[in-house]
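Note sheet for the following structure.
Coordinate-derived values only; no laboratory data. Note that the structure is a prediction, hence the values are computed from the model and not measured. Don't worry about glycine lacking a Cβ; one is built from the backbone with ideal geometry, like all the others, and counts go over all protein chains shown.
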Amino acid sequence: MSRVKRRALILASLSLISLVLITYQHRTAPITSFRGLSYPFDVLNSVTDLTVGALKDVFSSFNENRQLRKELADALLERQRVSEILQENKRLRELLLLKEHMPAYLTTARVIGRGYDRFLNTLLLDKGENSGVREGMAVITPKGLVGKVYLVGGDFSRALLMRDPNFGAAVRLQASRVEGVLSGNGGSLSLVKYVPFEATVEKGEAIVTSGLDGVFPPGLPVGVVHTVNKEGVTFFQQIEVLPYQADSTIEEVIIVKSSTSPPQRPPLKAPRTGTQAP
């Protein structure tokens, strides 16, 4: 039943009850000739007064309910706003803590867009060349590796996500110390390639960057081993990795400088010919 029909039914019920009560009082009271003449008008006045009073009560309740609903909606919006602020403060505190323990820290950037290119999985960041961002720099969160910068503008940059097939990083299994190359497969899981068949790899083992690629600083958390498959392979295991950081929930990131390349060794000197002195 709609709200209008329900209110009409309430008004009709109140009017009927009022008429019955007035009729009952008239039958039980002594009747005079003057009272008998004015009775219809008294009944009409009483019904009118009761109806008007009922209408005032209904409209008053309606206005009060409307005001209460507005106040409730405002309170819910304020609660959501406060909750969002608290969540943002928590993320920023985590980023600040990570900054203090990250020697290669460059800048913090906010995600302002997501790439929808079917060939690339990317994030659009609000920091670029003017903030010192360069191609190849690592992009991380307090949870772990996100990807790397692959395109830089003046005040923006694009990060290639870890799950993209074009992504690559040198990694190390933290417990066994086995090294491999991390690559994306376009889905929620990444791959670690070139791990020898005979190497012992356990499900749930943590994976970190090794720093051997000269791009990512060593020790950045990447994810954990999700599945290990040795069936039907000859040289290398098939290892799937569950990243620590899901890219669908990223709002702020830290951009870190590339790892320092290992120092070059001096060229080997050619041995001198001839007989050496004793």
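Some notes on this structure:
- Treating each Cα of region 105-256 as an identical point scatterer and summing with the Debye formula, the log10 of I(q)/I(0) at q = 0.14, 0.21 Å⁻¹ comes to -0.63, -1.26.
- Residues of region 221-244 with amide N under 13 Å of a point placed 7 Å along Cα→Cβ from E202: 225
- Pairs beyond 32 Å (Cα-Cα), from K148/K203; K127/K230; K70/K143; K127/K203: K127/K230; K70/K143; K127/K203
- FRET efficiency estimate (nearest 0.05) - Cβ-Cβ, D155 to Q67, R0 35 angstrom: 0.15
- A crude spin-label estimate for the pair S176 and R110, with each label 7 Å from Cα along the Cβ direction, gives 4.4 nm.
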